[in-house]
Structure formats: C-alpha cells, structure tokens
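The values are calculated or read from the model by the stated rules, or taken from the named source; none is laboratory data. These figures come from a predicted structure and were not determined experimentally. Cβ placement follows ideal geometry from the backbone for every residue including glycine, while neighbour counts extend to all protein chains displayed. For the accessible areas, the whole protein counts, side chains as well, though only heavy atoms, and no ligand, DNA or RNA atoms are used. Shrake-Rupley method; radii C 1.70, N 1.55, O 1.52, S 1.80 Å.
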Amino acid sequence: VQAAADATRFLVLLRQGDGSGVSAEVDIVVGSDTSSFQGTAAAFGPRLTELEAPVRWADPSTGCRPLTSPLHGAVAVLERGKCSFVHKALAAQAAGARAVLVVDNTGLEVPKTVMVPDSEDSELGEPSIPSVL
C-alpha cells in the first residue's frame with residue numbers, strides 16, 4: 001500500500017468478504033502483480049460491491065482537514081488516527097473519491113477493529129461512499 005503514491009499504475013478491487021458487513025478483501029493490482037489484504041468494512045455508508053478504481057493518497061494523509069489532492073473517481077487512501085472514520089470518509093467524498101481505504105498504523109489486528117461512527121459523528125451526516133480499514 002505504501003507504493004500507492006504512484007496513482008497512475010494502481011487499481012484496487014474492494015469486495016464484501018463474507019457477506020456479513022464485517023470483513024472485506026482488498027486487492028491492489030500493479031501491472032500483473034496483485035497484493036491481497038484482509039480488512040474491515042465500515043458499519044456506516046453503503047456496503048461494498050466490487051469496485052475497480054485508481055488508488056490515490058489523500059493530502060492531508062489523515063483526512064482530518066479538507067483534502068487538497070485530486071481524488072475524483074479514485075479510492076482515497078488515508079492514514080488511521082487523529083479524527084473519526086466518518087470524518088475521513090466525508091472528506092474523501094467531498095473531494096470526489098469513490099471509496100476510502102484507511103491504512104492501519106496502530107499494529108492492531110485489523111479484522112478485530114470495527115469502523116463505527118463516533119458519538120460526535122451524528123452531526124456530520126452519513127457518507128455515501130464505502131470505506132474499508
């Protein structure tokens with residue numbers, strides 16, 4: 001995922017994992033090479049379907065301020081932390097992203113982490129794009 005900064009060469013396939021809305025599979029494709037990751041689908045926003053789109057790092061990378069990077073039609077890659085998952089998804093949505101991939105930076109086992117709205121997120125609204133951690 002670190003190499004996703006070269007947005008013109010990357011595609012991501014986001015799929016609902018087991019149909020429960022909890023696990024998700026993420027494939028990042030570079031040419032003929034594919035890297036697969038297990039993740040957690042958000043408990044907010046739409047459920048994942050298969051999506052193929054370019055991957056672009058967001059700027060700022062945490063997504064806690066309005067995003068300045070061009071994300072129209074892309075999967076926005078954001079770092080975990082500093083603000084809520086809903087805040088990140090809404091920032092990416094406002095920048096034109098089709099989905100959000102939050103990169104874990106805590107070292108915790110991701111499938112045990114649940115992307116749920118924080119108590120203050122009710123004032124922000126519901127994202128209309130899917131999100132995965």
| message | When the residues of region 61-74 are narrowed to those that are of a type outside the set (Ser, Thr, Tyr) and touching a helix residue (DSSP H, G or I) at 6+ places or on another chain (Cβ under 9 Å), which ends up surrounded by the most Cβ atoms within 10 Å (Cβ to Cβ)? | response | Gly63
| note | Filtering region 39-60 down to residues that are over 13 Å from Gly96 (Cβ atoms), surrounded by 23 or more Cβ atoms within 10 Å (Cβ to Cβ) and without any contact (Cβ under 8 Å) to a residue 60 or more places away in the chain yields Val55
| remark: Taking region 75-100 and keeping only residues that are open to solvent by less than 30 Å² (accessible area, probe 1.4 Å), on the phi < 0 side of the Ramachandran plot and part of a loop (DSSP other than H, G, I, E, B), one is left with Ser84, Ala95, Ala97
| Single unsatisfied condition, Ile28 versus (1) open to solvent by 60 Å² or more (accessible area, probe 1.4 Å); (2) modelled with pLDDT under 85; (3) not charged (D, E, K, R) | (1)
